[in-house]
1. Exactly one condition in (1) open to solvent by 10 Å² or more (accessible area, probe 1.4 Å); (2) over 30 Å from Gly103 (Cβ atoms) is not met by Ala350; state its number.
2. Can you tell me which residue is modelled with the highest pLDDT among those in the range 575-611 that are closer than 30 Å to Ile462 by Cα and open to solvent by 40 Å² or more (accessible area, probe 1.4 Å)?
3. With the requirement that a residue be out of contact with any Asp or Glu (no Cβ under 9 Å at 6 or more places or on another chain) and surrounded by 16 or more Cβ atoms within 10 Å (Cβ to Cβ), what does the range 444-456 give you?
4. With the condition kept exactly as written, say whether any residue in the range 476-495 is within 16 Å of the ligand (Cβ to nearest atom), open to solvent by 40 Å² or more (accessible area, probe 1.4 Å), modelled with pLDDT of 90 or more and under 29 Å from the mean Cα position of the chain (by Cα).
5. Is there any pair linking a residue in the range 548-577 that is more than 14 Å from Gly508 (Cα to Cα) to one that is open to solvent by 30 Å² or more (accessible area, probe 1.4 Å) and of a type outside the set (Phe, Trp, Tyr), with Cβ under 6 Å and at least six apart or on different chains, and which?
6. Give me a count of the residues in the range 94-110 that are open to solvent by 80 Å² or more (accessible area, probe 1.4 Å), in contact (Cβ under 8 Å) with a residue 60 or more places away in the chain and outside any loop (DSSP other than H, G, I, E, B).
7. When you go through (1) out of contact with any Leu (no Cβ under 6 Å at 6 or more places or on another chain); (2) more than 16 Å from the ligand (Cβ to nearest atom) one by one for Gly329, which number turns out not to apply?
Amino acid sequence: MSIEQQINKIREELRQHNYNYYVLDAATISDYEFDMKLKELQEMEEKHPEFYDPNSPTLRVGGEVTKNFNTVVHEQRMYSLDNSYSKEDLLDWETRIKKLVDGDVSYTCELKYDGASISLTYENGELIRAVTRGDGIQGDDVTTNVKTIKSVPLKLKGDYPVKFDIRGEIVLPYEGFAKMNQERVAAGEEPYANPRNTASGSLKLQDSSETAKRPLDCLLYNLAGDRLGISSQYESLEKARQWGFKVPQESRLVNSIDEVLEFVNLWDQKRRELPYETDGVVIKVNNLQQQEELGFTSKAPRWAMAYKFKAEQAVTKLNEITYQVGRTGAITPVANLEPVQLAGTTVKRASLHNADQIQKLDIRENDTVFVEKGGEIIPKIVSVDFTKRDHNSIPTQYISSCPECGTDLIRKEGEAQHYCPNIYGCPPQIVGRIQHYISRKALDIEGLGGETVALLVKEGLITNYADLYELTKEQVIPLERMAEKSADNLIEGILKSKEIPFERVLFGLGIRYVGETVAKKLAKHYKTIDAIIAATEEELVNVDEIGIKIAQSVREFFNSESNKTLVEKLLSHGVQLQISADKLANQTETLKGQTFVVSGVFEKVSRNELKKLIEDNGGKVSSSISSKTTYVVAGANMGPSKLEKANKLGIVIISEDDFLNLIE
Ligand SMILES: [Zn+2]
């Protein structure tokens with residue numbers, strides 16, 4: 001046997017042992033024997049660096065240091081799921097499904113693990129990349145850290161597809177978490193708050209050998225990719241298991257919502273016996289063809305639903321109500337609580353939303369209150385224990401002036417929130433707008449954080465986001481905790497932001513109601529900021545999916561002289577305020593005014609590519625057939641209900657090739 005063959009043989013043995021131990025939980029050799037073999041391999045690899053393999057079991061121990069985690073765009077978006085809380089919610093969901101697909105619907109029920117979401121990319125059976133969920137569109141490349149998690153296979157077994165992504169959750173089992181905390185407390189450090197945050201923090205450690213020391217586990221349950229040769233979610237779980245992934249065994253295939261509820265009720269109790277935190281059940285339409293037909297809303301798949309276990313409650317005392325001012329001037333009342341343990345974390349604050357909410361629940365300082373943690377990061381107060389209220393208690397008087405700048409608050413008709421109208425003079429608004437501008441989904445300025453923004457404003461170096469582009473290194477260096485290197489990074493990050501595409505700059509401007517999606521729509525429709533500024537309210541409303549509220553807000557923003565000056569300043573600094581020439585070159589108006597429905601499986605382009613082609617050529621993609629549909633582009637296995645509907649309405653059905661000819 002050659003040296004290379006020997007090395008590969010030991011690698012293969014160690015891989016199998018890893019799998020037995022960490023995935024199957026059934027070791028066949030002792031830890032000592034394993035360590036000896038690993039050592040032997042390490043020595044051989046050191047002597048023969050020519051046989052280096054980035055996926056060798058020796059690299060599980062980590063050691064590589066990552067300073068900055070690269071941002072990677074997910075090839076397929078990682079959607080979040082819609083939530084349901086009752087049988088009625090689930091039955092409503094089923095009704096919606098049955099309107100859109102034909103035939104029987106079966107469901108897979110899977111436990112919803114509370115960890116850090118991850119997407120793993122495999123090519124030719126090897127782990128290529130591991131990326132955090134991030135905002136669902138893009139995340140951080142944490143491959144070096146994920147490779148140290150022993151239950152993540154670095155090489156696959158069996159008949160895996162050439163290329164695919166698999167999604168799941170990185171979790172920290174209770175036991176390992178408790179042990180980590182014991183060690184920290186013994187060392188005089190603060191214990192970690194909860195397993196979920198600790199798991200996601202572990203993925204962002206710079207030193208991968210530190211990640212390797214943490215008892216993380218990786219549970220996988222969702223395949224993504226084109227042409228995987230799989231026809232149902234349940235089958236995909238079984239396949240993934242065969243390829244060597246740790247796929248939870250609790251999943252069940254059921255045929256009705258009643259059976260879904262049985263699964264929910266069973267696990268609402270039994271989950272306490274599991275080694276990991278779970279917070280609900282994920283229910284998916286099992287048949288992938290039906291999933292395709294159902295498609296997605298802008299936020300979530302129509303074919304999946306999360307059912308949340310009932311949140312845990314805690315009782316505590318409300319010490320004080322304080323008020324926060326956001327970047328739009330919106331005032332948020334906050335309840336400062338006597339610290340209390342709730343679902344594994346210490347809760348000190350709860351959101352009170354607005355004046356109406358306080359009045360409705362009659363919440364007062366010194367009350368005893370019930371606190372609940374839903375999906376939100378900040379817990380909320382659900383009710384007051386009136387039996388414990390002191391008879392001297394005074395009803396809460398909502399503030400009438402801004403806690404930060406003293407300006408009288410306003411409340412527009414029909415709105416729940418109070419606002420501080422001092423847009424250009426109220427410090428948290430000034431800082432908040434700039435923080436929004438530099439945030440990840442907007443200009444994503446590397447090397448500049450929220451705290452530095454606050455400092456720059458406080459020192460009088462900037463008062464708006466356009467000022468960022470006039471900052472010099474000399475101005476920045478004297479700031480607290482600012483070294484030469486970080487000053488360089490900051491200036492460089494600001495320069496680089498001039499390459500960020502128009503739609504994200506438009507989002508970054510901070511126009512009320514103009515979120516990411518709306519910004520994209522406006523950028524695509526108008527192509528330049530000048531065109532948007534020139535558009536009347538009526539014209540704006542005529543843009544697809546732009547309502548009156550958004551149109552008014554856009555007009556209001558650009559009617560302001562100071563905002564117009566801001567935009568001019570951004571323009572003079574070379575920030576992208578129009579769609580780039582490259583992008584325009586790929587776009588045509590060929591399909592203008594035409595609406596397409598895409599159904600089935602395609603040969604030459606993927607479904608997503610097809611949809612992009614439609615949009616790039618000025619067409620609109622819709623998920624359901626109506627009289628407004630111009631064409632249905634049908635691939636193999638087009639859904640029978642869609643076919644029937646198209647025929648009934650007399651909509652022309654075209655093939656993939658027909659479509660490609662249309663845009664030739
Ligand atoms: Zn104010």
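The values are calculated or read from the model by the stated rules, or taken from the named source; none is laboratory data. Quick caveat: nothing in here was measured; it's all calculated off a predicted structure. Every residue, glycine among them, receives a Cβ derived from its backbone with ideal geometry; neighbour counts consider all protein chains shown. In case anyone asks, the SASA skips ligands and DNA or RNA and just uses the protein heavy atoms, side chains included. Shrake-Rupley method; radii C 1.70, N 1.55, O 1.52, S 1.80 Å.
1. Unmet for Ala350, out of (1) open to solvent by 10 Å² or more (accessible area, probe 1.4 Å); (2) over 30 Å from Gly103 (Cβ atoms): (1).
2. Top of the filtered list is Gln576.
3. Residues satisfying the conditions are Asp444, Ile445, Leu448, Thr452, Val453, Ala454.
4. no
5. Ile548/Val541; Ala551/Glu537; Ala551/Val541; Ser553/Arg512; Arg555/Glu537; Phe558/Ile533; Gly574/Lys498
6. Residues that pass the stated criteria total 1.
7. Condition (2) is where Gly329 drops out.
So that you can scan it fast, the table gives a plain yes or no per residue for (1) in a loop (DSSP other than H, G, I, E, B); (2) out of contact with any Gly (no Cβ under 7 Å at 6 or more places or on another chain):
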residue: Ile7; (1), (2): no, yes
residue: Asn20; (1), (2): no, yes
residue: Ala26; (1), (2): yes, yes
residue: Asp35; (1), (2): no, yes
residue: Glu45; (1), (2): no, yes
residue: Glu50; (1), (2): no, yes
residue: Pro54; (1), (2): yes, yes
residue: Asp92; (1), (2): no, yes
residue: Lys112; (1), (2): no, no
